[in-house]
Amino acid sequence: MRFWLALAAAVPLSAQPPLARDIFKQLIEINTTDSSGDNTRAAEAMAARFRAAGYPATDIHLDGPVPRKGNLVVRLHGTGAARPILFIGHLDVVEARRSDWSFDPFQFREQDGFFYGRGTQDMKGDDAVLVSTFLRLKQEGFQPSRDLVLALTSDEEGGTANGIDWLIKNHRDWIDAEFCVNSDGGGGRLKNGRRLFMGIEAAEKIFLSFELETTNPGGHSSQPRKDNAIYHLAEGLARLAHYDFPVRLFDVTRANFERMAPLYGGQAGADMKAVIQNPDDRAAVARLSSTPLYNALLRTTCVATMLSGGHAENALPQSATAVVNCRLLPVDTQENVQHTLEQVLADPQIRISVMTPAKASRYLPMNPQVLSAVTAATAKSWPGVAVIPQMATGASDGVYLNAAGIPTYGVSGIFIDEDDVRAHGRDERVPVKSFDESLPFIYQVVTTLGK
C-alpha cells in the first residue's frame, strides 16, 4: 500500500486529475457520518498520502477528542516572511440511507458526466482538490513566503466534538494563521450549463437563539380565563411574524448586489440597483424580500422554529414556550437583536432568555489579498466570469475561526448548477468537468497567496 501511494504521489503533473480523482474516490468510499462512520479512518488515509509524498512526520498531526473524530493538520513550511495561511475542509458528511438513494451512497460512481456519492458536493470534492494541491506543491518543491497549513476536520455537519473548535481550544499552535481559506464556502454557479459567476464568501451570518416563555396559574378548562399563556405567546409570535428587521447593507452585501444586478437583470436586477442607491426604497425592498435568499441578505432575521405549551387537554396552560432562531448580520449584535425582540413582542408577560448565545466575533472588511487572488485565478481559468463577494446565510466552521480572531473566507473552484444543489440530499453529485477544472484554479489561488 505504501509503495503504491508513493508512486501515486510522484506522478507527473499531467496526471494530477487522475490522482485527484483517486483521492476523491477514496474519501467518498470511507463512511464519515456521525452515526456509524469513522472520520479518523479518512484522516489517516490522507495522512498516509502526505507521508508517502515526503512530508516529515513532524509536519503531520492527527488527533481528536474521541477515537472516531480524528482531525488531520499538515504544514508546508515557508520562509517565515509572513504569518501562516490556513486552508480547511471537513471530512464528515451528513447521514445517507441506502433506501433513499438510487445506489449505494458510499460507492463512488461516475455516470453521465457526474461523480455521485455522499459528500461529492459537501465537501469531499473540495477536500480532494486541497489534498492533491498540497501534494503537488511538495512534488514541485514549492517554498512559499509563509507556512501553508491544511486542516481536514470532523463534525462540521453535526455531532458533539466539532473538529475546528476542538483544534482552536487544544492545538491553536497547529492552525494559528493570519487568515483562513475555507473550501466549504464560495464556489461557482452554473445556469443551464452556462457559468454565471464565481462566489467568494467574505462574511457569514451569526447564529443566535432565544427561548420565549409565558406562565399562568392555569385552572380547569371548563372555566377559561382571558390571560391564557398560549394566547399571550401566540399573539407575540404573530407580531414577530409581521416584523422585518431594517435593511442594513455593508461592504460584502453591497458588493454582492452591485455585481449580481447585471447578471440577473430584469426586475430583480433593477431592484438590486435601487436598494444599493436607497436602502429605504420600500417597493424594491419588498420585491427582493419576497425571495428568501435576498431577504436574508438584506437584514438580520428571527423566526419561530419550535413551539410547546400546556400539560393536559382539560387544563388551562400553565406555561407555553417557543424557540426563536435568529441569524445576525455580522455587523449586528446580540444586545441589539434582543432589545428589538422585546419591543416587537410588546408583552411583559413574555419572558425572553438567550438559549444559544451569539459567538463573539469582530467583523473585518473584505481581505483584498484573497479577493485579488480569486479574481486572478478566475480570469485565468474562466475569462469573463465575474467574481462576486457573498455572505453565507447559514454557518460553517468559519464561525469558530472568526470568533478566534482568524478571519475566514470561503473559496471553492467547483461550479454547481444553481438548480441542482444536492448537498445533504438524495443522489448527491458534482459535474466531472467542474471537479477537474477546479484543480488548476485552487492551485493558482494557493500559490498566489503563498507568494
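Couple of notes before you dig in:
- Just one of (1) crowded, with 18+ Cβ neighbours inside 10 Å; (2) not assigned by TED's automatic domain parsing to the domain that holds Asn162 fails for Pro383. It is (1).
- Check on Ile352, in contact with a Leu (Cβ under 7 Å, 6 or more places away or on another chain) and β-branched (Val, Ile, Thr): yes
- Residue match in region 375-385 (condition: part of a loop (DSSP other than H, G, I, E, B), at pLDDT below 95 and aliphatic (A, V, I, L, M)): no
- Each residue in region 404-435 was checked for being surrounded by 17 or more Cβ atoms within 10 Å (Cβ to Cβ) and part of a helix (DSSP H, G or I), and 2 pass.
- Residue check, Glu201 within 12 Å of the chain's Cα centre (by Cα), not assigned by TED's automatic domain parsing to the domain that holds Ala82 and not β-branched (Val, Ile, Thr): yes
- Answer residue from region 38-54, given it is surrounded by fewer than 21 Cβ atoms within 10 Å (Cβ to Cβ) and not aliphatic (A, V, I, L, M) and is farthest from Thr120 (Cα to Cα) among those: Gly54
- So Val337, is it aliphatic (A, V, I, L, M), crowded, with 16+ Cβ neighbours inside 10 Å and within 18 Å of the chain's Cα centre (by Cα): no
- Residue match in region 10-28 (condition: of a type in the set (A, V, I, L, M, F, W, C), assigned by TED's automatic domain parsing to the domain that holds Leu150 and part of a loop (DSSP other than H, G, I, E, B)): yes
Residue-by-condition table, conditions (1) in contact with a strand residue (DSSP E or B) (Cβ under 9 Å, 6 or more places away or on another chain); (2) among the aliphatic types (A, V, I, L, M):
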residue: Phe106; (1), (2): no, no
residue: Phe115; (1), (2): yes, no
residue: Arg118; (1), (2): no, no
residue: Phe134; (1), (2): yes, no
residue: Lys138; (1), (2): yes, no
residue: Arg146; (1), (2): yes, no
residue: Val149; (1), (2): yes, yes
residue: Leu152; (1), (2): yes, yes
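- Top-ranked residue in region 42-73 [being aliphatic (A, V, I, L, M) and part of a loop (DSSP other than H, G, I, E, B); ranked as nearest to the chain's Cα centre (by Cα)]: Val66
- The set of residues from region 206-237 being among the hydroxyl-bearing types (Ser, Thr, Tyr) and touching a Leu at 6+ places or on another chain (Cβ under 8 Å) comprises Thr214, Ser221.
- In the condition set (1) surrounded by fewer than 15 Cβ atoms within 10 Å (Cβ to Cβ); (2) modelled with pLDDT under 95; (3) closer than 24 Å to Gly186 by Cα, Arg83 is compliant with all but (2).
- Residues satisfying the stated conditions in region 80-99, i.e. within 16 Å of Thr120 (Cα to Cα) and touching a Ser or Thr at 6+ places or on another chain (Cβ under 8 Å): Gly89, His90, Leu91, Asp92, Val93, Val94, Glu95, Ala96
- Inter-residue pairs, beta-carbon under 6 Å, first within 30 Å of Lys273 (Cβ to Cβ) and in region 295-324, second modelled with pLDDT under 95, 6+ apart: Ala296/Thr393
- Just one of the listed residues (Arg109, Arg97) is without any contact (Cβ under 8 Å) to a residue 12 or more places away in the chain and closer than 20 Å to Ala45 by Cβ, namely Arg109.
- Search result, residues across region 74-84 that are out of contact with any Asp or Glu (no Cβ under 6 Å at 6 or more places or on another chain) and either closer than 11 Å to Asp176 by Cβ or part of a loop (DSSP other than H, G, I, E, B) (or both): Thr79, Gly80, Ala81, Ala82
- Among the residues of region 398-451, the ones that are on the phi > 0 side of the Ramachandran plot and in contact with a strand residue (DSSP E or B) (Cβ under 8 Å, 6 or more places away or on another chain) come to 1 in all.
The values are calculated or read from the model by the stated rules, or taken from the named source; none is laboratory data. None of these values were measured; they are calculated from a predicted model. Cβ sites come from the backbone with ideal geometry, for glycine too, and all protein chains shown count toward neighbours.
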